[in-house]
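Here it is, the structure, as structure tokens.
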Amino acid sequence: LAIELNSYKFSQNATYADCTMAATQTVLERLGITSDMSDGKLVSGLKNKLAFWGPLLKKMSIGEAEELAIIHAIERAATSQVGDEPTGMAQKLSTGLSFRFVLQTLHDEEVLSEQALLSWGEQRKSEPATSPLGKLFRLQSVQDFLE
């Protein structure tokens with residue numbers, strides 16, 4: 001799979017960040033996240049998927065840019081909409097503790113470094129509080145995790 005992603009990267013003139021973002025989106029889609037999924041099931045499913053995908057994400061993450069792309073993919077999933085309505089995945093990830101648990105699990109599994117998480121936090125501080133990304137960043141659970 002790493003060879004295939006590498007081939008794709010070079011054939012499409014993509015970056016490793018593009019590849020890690022796409023792989024992260026695939027992992028999230030394969031989890032089948034719904035608005036009524038429990039946080040425990042979400043974390044358990046993510047850990048299961050990381051048993052396969054984790055080494056690939058780590059291998060493709062040659063620097064902070066790739067780790068930030070992983071976080072941006074999660075943000076995209078948490079703010080995605082169909083028409084004017086958030087998707088079931090977005091409803092789950094944008095409320096409560098879910099977004100924080102995904103970040104924390106990726107950190108615990110050593111896919112995301114502390115430095116990447118702190119850099120993302122610094123980037124998002126200037127995001128307007130009314131924007132979808134600003135609201136996501138300012139969730140109390142996310143702030144507690146970053147603290």
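The values are calculated or read from the model by the stated rules, or taken from the named source; none is laboratory data. In this text, all values refer to a predicted model and were calculated from it rather than measured experimentally. All Cβ positions, glycine included, derive from the backbone under ideal geometry; neighbour counts span all protein chains shown. Areas reflect the complete protein model, heavy atoms only, side chains present, ligands, DNA and RNA absent. Shrake-Rupley method; radii C 1.70, N 1.55, O 1.52, S 1.80 Å.
Out of curiosity, is L56 surrounded by fewer than 20 Cβ atoms within 10 Å (Cβ to Cβ), of a type in the set (A, V, I, L, M) and more than 16 Å from V111 (Cα to Cα)? Step through it out loud before you land on a result.
Details: surrounded by fewer than 20 Cβ atoms within 10 Å (Cβ to Cβ): yes; of a type in the set (A, V, I, L, M): yes; more than 16 Å from V111 (Cα to Cα): no.
No; evaluated as a whole, the condition is false for this residue.
Name every residue in the stretch 1-33 that is aromatic (F, W, Y) and in contact with a Lys or Arg (Cβ under 9 Å, 6 or more places away or on another chain), in order of residue number. First the steps, then the outcome.
Initial filter on the stretch 1-33 (aromatic (F, W, Y)): 8, 10, 16.
Within the stretch 1-33, Y16 is the sole residue that qualifies.
Something else: Only residues in the stretch 98-123 that are under 14 Å from H72 (Cα atoms) and hydroxyl-bearing (S, T, Y) count as the first member; pair them with residues that are part of a helix (DSSP H, G or I) and open to solvent by less than 50 Å² (accessible area, probe 1.4 Å), Cβ under 8 angstrom, at least 6 apart or cross-chain, and list the lot.
S119/L68
Taking the stretch 24-49 as the search range and keeping residues that are touching a helix residue (DSSP H, G or I) at 6+ places or on another chain (Cβ under 6 Å) and of a type in the set (G, A, S), which one is most open to solvent (accessible area, probe 1.4 Å)?
In this case the residue turns out to be S35.
Here is a check on your reading of the model: is E75 buried (at least 16 other Cβ atoms within 10 Å of the Cβ), under 27 Å from A129 (Cα atoms) and not small (G, A, S)?
On the way: buried (at least 16 other Cβ atoms within 10 Å of the Cβ): yes; under 27 Å from A129 (Cα atoms): yes; not small (G, A, S): yes.
The answer is yes for E75.
Can you tell me which residue is farthest from T20 (Cα to Cα) among those in the stretch 50-75 that are of a type in the set (D, E, K, R) and either modelled with pLDDT of 95 or more or out of contact with any helix residue (DSSP H, G or I) (no Cβ under 8 Å at 6 or more places or on another chain) (or both)?
Filtering the stretch 50-75 down to residues of a type in the set (D, E, K, R) leaves 58-59, 64, 66-67, 75.
Retained after the next criterion (residues that are either modelled with pLDDT of 95 or more or out of contact with any helix residue (DSSP H, G or I) (no Cβ under 8 Å at 6 or more places or on another chain) (or both)): 58, 64, 66-67, 75.
Numbers: K58: 9, E64: 11, E66: 6, E67: 8, E75: 14 Å.
In this case the residue turns out to be E75.
Provide a single number: the residues in the stretch 75-97 that are more than 16 Å from E29 (Cα to Cα) and either in contact (Cβ under 8 Å) with a residue 12 or more places away in the chain or hydroxyl-bearing (S, T, Y) (or both).
The initial filter retains those residues of the stretch 75-97 that are more than 16 Å from E29 (Cα to Cα), namely 83-85, 95-97.
Filter again for either in contact (Cβ under 8 Å) with a residue 12 or more places away in the chain or hydroxyl-bearing (S, T, Y) (or both), leaving 95-97.
Total meeting the criteria: 3.
Hey, among L103, L93, which residue is open to solvent by less than 30 Å² (accessible area, probe 1.4 Å) and within 19 Å of E147 (Cα to Cα)? Explain how you work it out, then say what you get.
Working: L93 fails: within 19 Å of E147 (Cα to Cα).
On inspection, the qualifying residue turns out to be L103.
Would you check if there is a residue in the stretch 127-145 being open to solvent by less than 40 Å² (accessible area, probe 1.4 Å), assigned to a helix (DSSP H, G or I) and free of Cβ contacts under 8 Å to residues at least 12 places away in the same chain? I'd like the intermediate steps shown before the answer.
Going through the stretch 127-145, the residues open to solvent by less than 40 Å² (accessible area, probe 1.4 Å) turn out to be 131, 134, 136-137, 139, 141-142.
Applying the additional criterion that residues be assigned to a helix (DSSP H, G or I) yields 134, 136-137, 141-142.
Narrowing further to those that are free of Cβ contacts under 8 Å to residues at least 12 places away in the same chain: 134.
Taking every residue of the stretch 127-145 in turn, at least one turns out to be open to solvent by less than 40 Å² (accessible area, probe 1.4 Å), assigned to a helix (DSSP H, G or I) and free of Cβ contacts under 8 Å to residues at least 12 places away in the same chain.
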